[in-house]
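S.K.: I am attaching a structure below and will ask some questions about it afterwards.
The values are calculated or read from the model by the stated rules, or taken from the named source; none is laboratory data. Since this is a predicted model, take the numbers as computed values, not measurements. Every residue, glycine as well, gets a Cβ built from its backbone with ideal geometry; the counts of neighbours run over all protein chains shown.
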Amino acid sequence: MIDNLKPSKKVQLSQSKISEAGRGLFATVPIKKGEIIEQAPIIMLKGEAKALKSSELYNYYFITEDKESAAIALGFGSLYNHSYSPNATYEKHFHELIITFRAIKDIAADEEITVNYNYGNPDDKKQLWIKSIKPHTEN
């Protein structure tokens, strides 16, 4: 686990135009491609992924490699909105109990920060488990 982990000052929660929940994370400062946006501590839920399907947490958890367990990101970690054209990605470090969010494009101050929910893979265009989010189609 990382010692001395502090909340990121690079993001703030604000009104989103792309989220059904009406909220999203926005850059407070310009963020360069490759820069770490946030390192969110996580709570591991060993063997509890199926139990989340009947809870509100179903739309906020990260699946683990064994697909039986789940992780809930603290801080702003579970509040990044999905995009099939994201400007950030996430790296799961379950052994360290953190998820790292990193810019994959330059992000302007006040721009919403998004990730692709498909395992953090920015190029994965498959349908999500959240059926209200439609798969990306090229024009």
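S.K.: Name the single residue, out of those in segment 74-115 being assigned to a strand (DSSP E or B) and of a type in the set (D, E, K, R), that is surrounded by the most Cβ atoms within 10 Å (Cβ to Cβ).
M.R.: Here is the first cut: in segment 74-115, the ones assigned to a strand (DSSP E or B) are 81-82, 88-93, 98-103, 107, 112, 114-115.
This time we only want the ones that are of a type in the set (D, E, K, R), so: 91-92, 102, 112.
Details: E91: 12, K92: 18, R102: 18, E112: 21.
Across segment 74-115, the extreme among qualifying residues is E112.
S.K.: Right, something else. Is it the case that some residue within segment 116-138 is surrounded by 13 or more Cβ atoms within 10 Å (Cβ to Cβ), modelled with pLDDT of 90 or more and among the polar types (S, T, N, Q)?
M.R.: No; the residues of segment 116-138 include none that is surrounded by 13 or more Cβ atoms within 10 Å (Cβ to Cβ), modelled with pLDDT of 90 or more and among the polar types (S, T, N, Q).
S.K.: Kindly indicate the residue of segment 1-35 that is in contact with a Leu (Cβ under 7 Å, 6 or more places away or on another chain), modelled with pLDDT of 85 or more and of a type in the set (A, V, I, L, M, F, W, C) and also farthest from F94 (Cα to Cα) among those meeting that condition.
M.R.: Within segment 1-35, the match that is farthest from F94 (Cα to Cα) is L13.
S.K.: Search segment 58-80 for residues being hydrophobic (A, V, I, L, M, F, W, C) and at pLDDT 80 or above, and hand back the single one that is farthest from Y117 (Cα to Cα). So that I can check it myself, show each step before the final result.
M.R.: Quick first cut of segment 58-80, residues hydrophobic (A, V, I, L, M, F, W, C) only: 62-63, 70-74, 76, 79.
Next cut, at pLDDT 80 or above only: 62, 70-74, 76, 79.
Details: F62: 9, A70: 14, A71: 14, I72: 14, A73: 13, L74: 17, F76: 15, L79: 11 Å.
Among residues in segment 58-80 that are hydrophobic (A, V, I, L, M, F, W, C) and at pLDDT 80 or above, the one farthest from Y117 (Cα to Cα) is L74.
S.K.: Quick test for you: out of E111, E96, pick the one residue that is of a type in the set (D, E), more than 21 Å from A21 (Cβ to Cβ) and over 13 Å from the mean Cα position of the chain (by Cα). Let's see the steps before the verdict.
M.R.: Numbers: E111 fails: more than 21 Å from A21 (Cβ to Cβ).
The match here is E96.
S.K.: Another question about this same structure. If you check every pair at least six apart or on different chains, which have Cβ atoms under 7 Å apart with a residue in segment 42-54 that is within 17 Å of H93 (Cα to Cα) first and a residue that is of a type in the set (V, I, T) and not in a loop (DSSP other than H, G, I, E, B) second?
M.R.: I42/I72; I42/I98; I42/I99; I43/I72; L45/I72
S.K.: So A49 clears everything in (1) within 18 Å of I104 (Cβ to Cβ); (2) surrounded by 11 or more Cβ atoms within 10 Å (Cβ to Cβ) except one condition, right? Which one?
M.R.: (1)
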